[in-house]
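The values are calculated or read from the model by the stated rules, or taken from the named source; none is laboratory data. Bear in mind that the values here come from a model prediction, so they are computed numbers and not experimental data. Cβ placement follows ideal geometry from the backbone for every residue including glycine, while neighbour counts extend to all protein chains displayed.
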Amino acid sequence: MPDDMIKQDACPPPRARFVRGLRLGLPIFLGYAPIGAAFGIVARGLGFSPLQAAICSGTALAGAGQLIALQLLGAGAGAAAVVLTTAIVNLRYILFGAALSQHVTRMSLKQQAFLAFTLTDETFAVNIDDGRRGRADFASMAGVGVIAWSGWVAGTAAGALLAGVIGDPTRFGVQFAMPAMFTALLVAQAEDRTHVVTAIIAAVFAAALMIALPDPWYLIVAPVLAATVATAVTR
Amino acid sequence: MSATTIWAVIAGMALVNFLIRFPSLAVLSRTALPAWAKRWLSYIPVSAMATLVVGGVVRPDGRWLPPFANPYLWASIITGVVYWRFRSFLGATVVGVICFLAFAALLG
């Protein structure tokens, strides 16, 4: 990460590497819990039971995709349309899986399946950053995934159970938790001048494509175009 | 909303989200990629994060906000500076949310 205070011994046991992953992912837990609570509150309002809300978060771990699903359900969309829209919103995970694949080449299929299950924008960025420093392995990545999953599910359960007590979660600034995490993770990824320029190119493509394309296609097309330009220029 | 619809959404989202995440990771980790493809993939994280930041900051909740009245934008800039200076993911996120609330109150 992120946090330079977290060091790794020469050859720590898997348990220590897992715990290190939990520590790396703790900020994700703290960021996900309030957003998960917001999902839980809205889900309760639409007729989900607390158990259904928690199961939804625990099995999909789809962040913005879940919130959009609720929006569509609230507007009267059918189950198939909701699932399809969620899939389109989350198509970027195909790219993330492809990028992460180069850091998991020595893992078993089961281990990869677990990491794929816990793959989110934030776990992806933290694990990629850790992998680039030569520190990431299955145990540490699993730790990051478990703590992120826990934050999302615990937050959802708390929000669904305490919906009446919490009230409007936006008064706590919950709506900025995701952009704040994305911003910190972006700076973490901008390791040299080439990456900074690539980020600027992606930002320009994103802004243009948000106007030119229907949502949420800019999320997939902008990174693809920016990475292609960067690859061509640095050849 | 019927319980059947809710359970169908839960099951469908669980299945679809895993099927989106898993194949590219599993297949490409077992494939020998040319150097240019590896380089291309190495630019995906920074490109994707920049895209997510732009989407979440300049058009939050689907509404375009003018730069000088956009608490997301100013709070995001401070979040980035704090992370760049202190390299603390948690610290930057917390400072960012506090700044967002302050900017939201100031800018209305």
Criterion first (small (Gly, Ala, Ser) and within 8 Å of another protein chain (Cβ to nearest Cβ)) does A:Ala222 satisfy it? yes
Given (1) at pLDDT 95 or above; (2) over 13 Å from the mean Cα position of the chain (by Cα), identify the lone condition not met by A:Ala81. (1)
Can you report the number of residues in the stretch A:125-141 which are within 18 Å of B:Leu28 (Cβ to Cβ) and either facing another protein chain (nearest Cβ under 7 Å) or among the small types (Gly, Ala, Ser) (or both)? 3
Hey, which of the helices (runs of 4 or more DSSP H) in the stretch A:116-230, taking only ones fully inside, have at least 3 residues that are of a type in the set (Val, Ile, Thr) and either free of Cβ contacts under 8 Å to residues at least 12 places away in the same chain or under 22 Å from A:Pro27 (Cβ atoms) (or both)? A:121-132, A:138-161, A:193-212
Conditions (1) modelled with pLDDT of 90 or more; (2) closer than 19 Å to A:Ser150 by Cβ; (3) among the small types (Gly, Ala, Ser) -> A:Ser108 fails only (2)
Working only within the stretch B:31-64, note down all residues that are within 28 Å of A:Leu72 (Cβ to Cβ), among the β-branched types (Val, Ile, Thr) and out of contact with any Phe, Trp or Tyr (no Cβ under 8 Å at 6 or more places or on another chain). B:Val54
Just need a number here: residues in the stretch A:101-111 that are among the polar types (S, T, N, Q) and at the interface with another protein chain (Cβ under 7 Å from one of its Cβ atoms). 3
Could you check how many residues of the stretch B:67-83 are modelled with pLDDT under 95 and either surrounded by fewer than 19 Cβ atoms within 10 Å (Cβ to Cβ) or aliphatic (A, V, I, L, M) (or both)? 3
For the stretch B:4-48, the count of residues that are among the hydroxyl-bearing types (Ser, Thr, Tyr) and more than 7 Å from chain A (Cβ to nearest Cβ) equals 3
Residues that are over 17 Å from B:Arg21 (Cβ atoms), more than 7 Å from every other protein chain (Cβ to nearest Cβ) and outside any helix (DSSP H, G or I), drawn from the stretch A:46-100: A:Ser49, A:Ala75, A:Gly76, A:Ala77, A:Gly78
Name the single residue, out of those in the stretch B:30-43 being out of contact with any Lys or Arg (no Cβ under 9 Å at 6 or more places or on another chain) and not in a loop (DSSP other than H, G, I, E, B), that is surrounded by the most Cβ atoms within 10 Å (Cβ to Cβ). B:Tyr43
Looking at (1) within 7 Å of another protein chain (Cβ to nearest Cβ); (2) modelled with pLDDT under 95; (3) part of a helix (DSSP H, G or I), find the lone condition where B:Met1 falls short. (3)
